[in-house]
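Take a look at the structure below.
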Amino acid sequence: MSLETIKASFQASIDAKQALINDAARLEELLKVAKVASSTIKVGKKIMLCGNGGSAADSQHIAAEFIGRFEKDRKSMAAIALTTDTSALTAIGNDYGYEEVFSRQVEGLGLSGDLLIGISTSGNSKNIIKALEVAKKRGILTVALVGDKPNGSMQAIADYVLAAPCTNTARIQECHILMMHTLCQLVESESV
């Protein structure tokens, strides 16, 4: 344990974000997603989010930012984290298997014109892949929030891909929350 370890961790986080800010294509994709999310809210549709582990927590965090507020007082925006209903998660997991915990919710709650954001550092979470597939069949636009792993299955399915420019899980998650906070800021600025 040392100050050098702390500094190295901080520097790795800074480097990942610096790579993100220097990548015009990634920033353009985030801007496209913000426009889609803003349009989704403006026409009375909702944003659904899902992920596992830390990405489940990020889903809940970002849904709360839309429902409550990010930086400005404004009307609530329709958003739901598909990670929060323990009765649905456990019933679906028990009856259909863990791979179905999000897809069944998308099937039951999702409507054409909604937006689904699936978060996975690997880009290969089977339950999120299934949710993206169901969403596409229902006319729901999809976003894959992933790490920089080109063979991830989510990237091939999603309409939009927001990829953190790194492969370390912690750094990916740090970039994800930065991108999602920026998304909230952009959407909120369009709503006031």
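Size of the dipole of the chain about the Cα centre, Lys and Arg at +1 and Asp and Glu at -1 on the beta carbon, nothing else charged, in debye to 20? Computed charge dipole of the chain: roughly 380 debye. Between Glu71 and Asn22, the FRET efficiency from the beta-carbon distance, with R0 = 30 Å, is close to 0.75. Taking the fewest neighbouring Cβ atoms within 10 Å as the starting point, the ordered list for Phe70, Phe10 is Phe10, Phe70.
Backbone N atoms of the range 157-192 closer than 15 Å to the 7 Å Cα→Cβ label point of Ala57 belong to residues 169-178. Charge tally for Ser153 (other residues, Cβ to Cβ under 14 Å; Lys, Arg +1; Asp, Glu -1): +2.
Simple spin-label estimate for Ala156 and Val43 gives 2.9 nm between the two label positions (7 Å along the Cα-to-Cβ direction from each Cα).
Return the subset of Lys45/Lys136; Lys17/Lys126; Lys17/Lys42; Lys72/Lys136 for which the Cα-Cα distance in this structure is over 21 Å, preserving the input order.
From Lys45/Lys136; Lys17/Lys126; Lys17/Lys42; Lys72/Lys136, over 21 Å: Lys17/Lys126; Lys17/Lys42; Lys72/Lys136.
By the Cα gyration tensor, the range 1-117 has an equivalent ellipsoid whose semi-axes, rounded to whole angstrom, run 30, 22, 14 from largest to smallest.
Laboratory data are not the source of any read-out in this text; all were calculated from the coordinates shown. Note that the coordinates shown come from a computational prediction; the quantities given were computed from them, not determined experimentally. All Cβ positions, glycine included, derive from the backbone under ideal geometry; neighbour counts span all protein chains shown.
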